[in-house]
Amino acid sequence: MSLANHTSKKQDAYIINELNIRSADRGRKDIATWRAAQIAAESVYYPNRCRLYDLYEDVILDGHLAGIISKRIDNVLNKPLYFEQNGKRIYQMDALINSMQFRNMLSTILQTQLWGISGIEFIPGSSFNYQIIPRKHIKPELGIIAYQQNGTDGLAYQNLPNVWVIGQTHDLGLLLKCAPYYLYKRAGLADWAQYIELFGQPVRVIKYDAYDEQTKQELRKILDESGSSLAIMLPKQADFEMKDGKSTYGDGNLQMNFIQMMNDEMSILILGNTETTRSSNTSGYAQSKIHREEQFQITLSDLVYTANMLNSPKFLAVLRSYGYPVQNGCFVFDKETDVQYLKDRLAIDKELANIVSLPQSYWYDTYGLPQNNL
C-alpha cells in the first residue's frame, strides 16, 4: 500500500498529533539521577527511557559536547551524496538530496547513534515532508509509539508504511556514556565558580570589641553598604585564620585539569580522539596524524551506516510513494576521502602491487576513480 493512499483514521490524523507531548524535565540532575535513569531504561519488564532522555536533553547543552557532535555529523553532511542506477547518476534526485528537509533527515539518522533510537513520520502528499517523533514516546521493546511518554498504550509501528523507526531495540546511545562526564564537569565548574566567588576578590575582615554592640551594628552597616565582596566580622578576642588552598591550587590548574579531562573523555567517545579538537602540550605531528586517522575511520563508518539506512527497503518504499525514481537504485557517497590518507595508502599499495597482482577494480574503488574509464 502506498503512503499517499493510506486511509486509516489514525493515519489521516497523523501519529504525532495523537501524542500527549510533555516538556523535558529540567530539574537538578546528578550521578544518582543518571544511574537510576539507566536502570529504568534497562528494565526487563517495564523499560522506560523517559528519565534518561530528559537527562540527555541537558547533556547536549554542554558547549564542548555540542561542538564535537556537530563536527562528527558535519563530516557526513558535507560529503557529496547522489543517487545512482546501474552505476549511473540519477540527476532527478539531486533536488531532493540538496534540500534542507533531506539534510535535516540525515542529521536525525546520525543522531540515532547518540540517542539509541529515532523516529520519523512521513507526511502523505505530493512533496517530501516529515515530522520527528518524540523519542520518549517510542517504545522499541513493545514495538509501539505510546500516546503518553510513560504509558504502554499506543500504535504498533512495524507495519505503518510512513513511520520509520531507526535503531537497535536495546541501544541507549553514546550519550549514556557521555552523561556522567558531563555531570562531573558541571559539578566541577560549579565548584570552580564558588572558589572564584570566595577567593577571587579581597576578603574584608573587621574586628570589634565583643561587648560593644553599638559598634558592631555600625560596622555591619558599613559592610553592607560598601559592596558585595566577602566580609567577615569577628570579636577582637577571637582567632581567625583562612585556609584557602592557594599554595597548592590557587592558580586554577586543579579545576582546569579536571574539566579538561572530562572534555577529553567525551571527545574520545564521540570522535575517537582528542587531538582533532584541541592541541595538547605533548602533541606532535605523529600523534596528531594518528588521531586524525582514527577520526577518519569513524567518519567512514558513519558514511556506511548512513548509506545503509538510506538504502533500506523501508526508506526506498517511502520515496517511491512520493513518486521518486528509486527502483533498482541506491544512494552513494562520493569516494572523495582524506588526501593524506590516500597518499599514504598509495605508497603501500604500490609496494604491494610488486608482490601480488591487484585487480583494476581495486584501484578504482579505493581511490574513487570513475568506473567508465574501465
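The values are calculated or read from the model by the stated rules, or taken from the named source; none is laboratory data. Values in this document were obtained by computation on a predicted structure and should not be read as measured data. Please note: Cβ atoms are built from the backbone with ideal geometry, for glycine as well, and neighbour counts cover all protein chains shown.
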Can you tell me which condition ASP58 does not meet? The list is (1) of a type in the set (D, E, K, R); (2) crowded, with 16+ Cβ neighbours inside 10 Å; (3) under 24 Å from ASN308 (Cβ atoms), and all the others hold.
(3)
ARG103 vs (1) modelled with pLDDT under 95; (2) surrounded by fewer than 18 Cβ atoms within 10 Å (Cβ to Cβ): all pass except (1)
Looking at the structure I just gave you, is ALA37 touching a helix residue (DSSP H, G or I) at 6+ places or on another chain (Cβ under 8 Å) and either modelled with pLDDT under 95 or outside the structural domain of LEU319 (by TED's automatic domain parsing) (or both)?
no
Checking ALA66 against (1) exposed (fewer than 15 other Cβ atoms within 10 Å of the Cβ); (2) assigned to a loop (DSSP other than H, G, I, E, B); (3) at pLDDT 95 or above; (4) not β-branched (Val, Ile, Thr), only one condition comes out false. Which one?
(2)
Take the residues in region 78-113 that are among the hydroxyl-bearing types (Ser, Thr, Tyr) and in a helix (DSSP H, G or I); name whichever of them is nearest to ILE166 (Cα to Cα).
THR112
Here are some residues: LEU142, LEU160. Which one is over 21 Å from ALA317 (Cα atoms) and outside any helix (DSSP H, G or I)?
LEU142
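Listed here are the residues, each with its yes/no results for (1) modelled with pLDDT under 95; (2) of a type in the set (A, V, I, L, M, F, W, C).
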residue: PHE315; (1), (2): no, yes
residue: VAL318; (1), (2): no, yes
residue: GLY323; (1), (2): yes, no
residue: VAL326; (1), (2): yes, yes
residue: THR337; (1), (2): yes, no
residue: ILE348; (1), (2): yes, yes
Looking at region 124-131, is at least one residue assigned to a loop (DSSP other than H, G, I, E, B), modelled with pLDDT under 95 and on the phi > 0 side of the Ramachandran plot?
yes
Collect the residues in region 297-339 that are part of a helix (DSSP H, G or I) and touching a Gly at 6+ places or on another chain (Cβ under 9 Å), keeping them in residue-number order.
GLN297, ILE298, LEU316
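For every residue, the table says whether it meets (1) modelled with pLDDT of 95 or more; (2) touching a helix residue (DSSP H, G or I) at 6+ places or on another chain (Cβ under 8 Å); (3) basic (Lys, Arg); (4) loosely packed, with under 12 Cβ neighbours inside 10 Å.
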{"residue": "PRO161", "(1), (2), (3), (4)": "no, yes, no, no"}
{"residue": "LEU183", "(1), (2), (3), (4)": "yes, yes, no, no"}
{"residue": "LYS207", "(1), (2), (3), (4)": "no, no, yes, no"}
{"residue": "THR215", "(1), (2), (3), (4)": "no, no, no, no"}
{"residue": "LYS221", "(1), (2), (3), (4)": "no, no, yes, yes"}
{"residue": "PRO235", "(1), (2), (3), (4)": "no, no, no, no"}
Report yes if LYS136 is at pLDDT 95 or above, of a type outside the set (A, V, I, L, M, F, W, C), within 20 Å of GLU18 (Cα to Cα) and not in a strand (DSSP E or B), otherwise no.
yes
Taking region 37-63 and keeping residues assigned to a helix (DSSP H, G or I) and among the hydroxyl-bearing types (Ser, Thr, Tyr) leaves TYR53, TYR56
